[in-house]
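*Asks:* Below is one structure. I have some questions about it.
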Amino acid sequence: MNNSDTFLLESKLKRLKISFSKKNGKIIIWQAKLDYTILIGLILFPLLVAIAGIVFLFVEDIGLDASARKKIIGVIIFVGAIAMTNCFRMFLKFKSNKATKVLGYKEIIIKNKDTSIRFDAATIDKFTFTINEVSEENYRGSLFLVDTKAQEHLLLGFDSESEQYIIDDLKWFSNYFEQHVQLNS
């Protein structure tokens, strides 16, 4: 692979907040990074607002009418749903990128806790991907390595607000990995 492709791979991984390193001429891709903006702004803060709303409803005896109570309950449900949705998104991203992927010379090694599987052009059939709509404006993409035994191995998983960005990134990663192992050579 040339340096511009490797630089672009690193840029895409940084943008998607997926950890990687370079060691002895190999690129090692592992766990998704913890996104503190999402953690604080879209999980912890809405969760605290929901908890504060619940405490306010049950502790304060300020004589709210039924309409005001319904509005407060609506806000509690809304911010609670935001927190839970983003928590679920973060969990899926960590789960999808759990295995360590080592990109060596014309090979991809996938390491889990118990196993380490080496793939090269002779053992890879193709790369494929799936796209799922997680919520109204959130899409999730997963890239799979399909071996010659028709078994799928998850390489990367990430999400975005734009389906087109997911498709473009998945196609790019698929082409990159095909070139890396020289699948169609």
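Since every read-out is calculated from the coordinates, none of them should be taken as a lab result. Note that the structure is predicted; figures quoted are calculated from it, not measured. Ideal geometry is used to build each Cβ from the backbone, glycine not excepted, and the neighbour counts take in all protein chains shown.
*Asks:* Take V134 and T148, extend 7 Å from each Cα along the Cα→Cβ direction, and tell me the distance between the two endpoints in nm.
*Replies:* So the label points at V134 and T148 sit 3.6 nm apart.
*Asks:* Let's see if you can work this out: charge +1 on each Lys and Arg Cβ, -1 on each Asp and Glu Cβ, no other charges. What is the dipole magnitude of segment 103-185 about its Cα centre, in debye to the nearest 20?
*Replies:* On the way: 8 positive and 15 negative charges, 120 e Å.
Value, rounded to 20: 580 debye.
*Asks:* Counting Lys and Arg as +1 and Asp and Glu as -1, what is the net charge of the other residues whose Cβ lies under 12 Å from the Cβ of F88?
*Replies:* Taking every other residue near F88 into account, the sum is +3.
*Asks:* Also: Using DSSP to call loops (not H, G, I, E or B), can you name the GluC sites (Glu not before Pro) in segment 101-168 whose Cβ has at most 16 other Cβ atoms within 10 angstrom? List each step's numbers first, then the result.
*Replies:* Numbers: sites: E107, E133, E136, E137, E152, E161, E163; in loops: E136, E137, E161.
Loop-located and lightly packed - E136, E137, E161.
*Asks:* Say each of L34 and K17 gets a label point 7 Å from the Cα, pointing the same way as Cα to Cβ; how far apart are those two points in nm?
*Replies:* 1.2
*Asks:* What does the charge dipole of the chain about its Cα centre add up to, to the nearest 20 debye, if the Cβ of each Lys and Arg holds +1 and the Cβ of each Asp and Glu holds -1? Spell out each step's value before the answer.
*Replies:* Numbers: 24 positive and 21 negative charges, 149 e Å.
It comes to approximately 720 debye.
*Asks:* Excluding H180 itself, calculate the net charge of residues whose Cβ lies under 13 Å from the Cβ of H180, where each Lys or Arg counts +1 and each Asp or Glu counts -1. List each step's numbers first, then the result.
*Replies:* On the way: positive: K26, K101, K106; negative: D5, E107, D120, E178.
Cβ neighbours under 13 Å give a net charge of -1.
*Asks:* Could I ask something else about it? Just going by the charge dipole of the chain, with Lys and Arg at +1 and Asp and Glu at -1 on Cβ, which of N184, S67, P46 is farthest out on the positive end?
*Replies:* N184
*Asks:* What lysines does K17 reach when the alpha-carbon gap must be under 27 Å and sequence neighbours fewer than 8 apart in one chain are set aside?
*Replies:* K26, K33, K93, K95, K98, K101, K106, K111, K113, K126, K171
*Asks:* Post the alpha-carbon centroid distance, segment 134-185 to segment 1-58, in whole angstrom.
*Replies:* About 18 Å separates the Cα centre of segment 134-185 from the one of segment 1-58.
*Asks:* Taking the Cα centre of segment 33-138 as origin, work out the dipole magnitude from +1 charges on Lys and Arg Cβ and -1 charges on Asp and Glu Cβ, in debye rounded to 20. Don't skip to the answer; put the middle values down first.
*Replies:* Details: 14 positive and 11 negative charges, 104 e Å.
With Lys and Arg at +1 and Asp and Glu at -1, about 500 debye.
*Asks:* Run the helix sum for the chain: -39,500 (n - 2.57) per DSSP H stretch of 4+ residues, divided by residue count, reported at 222 nm to the nearest 500 deg cm²/dmol.
*Replies:* On the way: 4 runs with 77 residues, N = 185.
Result for the chain: -14000 deg cm²/dmol, rounded to the nearest 500.
*Asks:* Order of F119, F158, F78 from fewest to most other C-beta atoms within 10 Å? Show your work: numbers first, answer last.
*Replies:* Working: F119 20, F158 25, F78 14.
Placing the least packed residue first, the sequence is F78, F119, F158.
*Asks:* While we're here: Can you tell me the Rg and Dmax of segment 36-91, counting just the alpha carbons, in angstroms?
*Replies:* Answer for segment 36-91, Rg first and Dmax second: 12.8, 40 Å.
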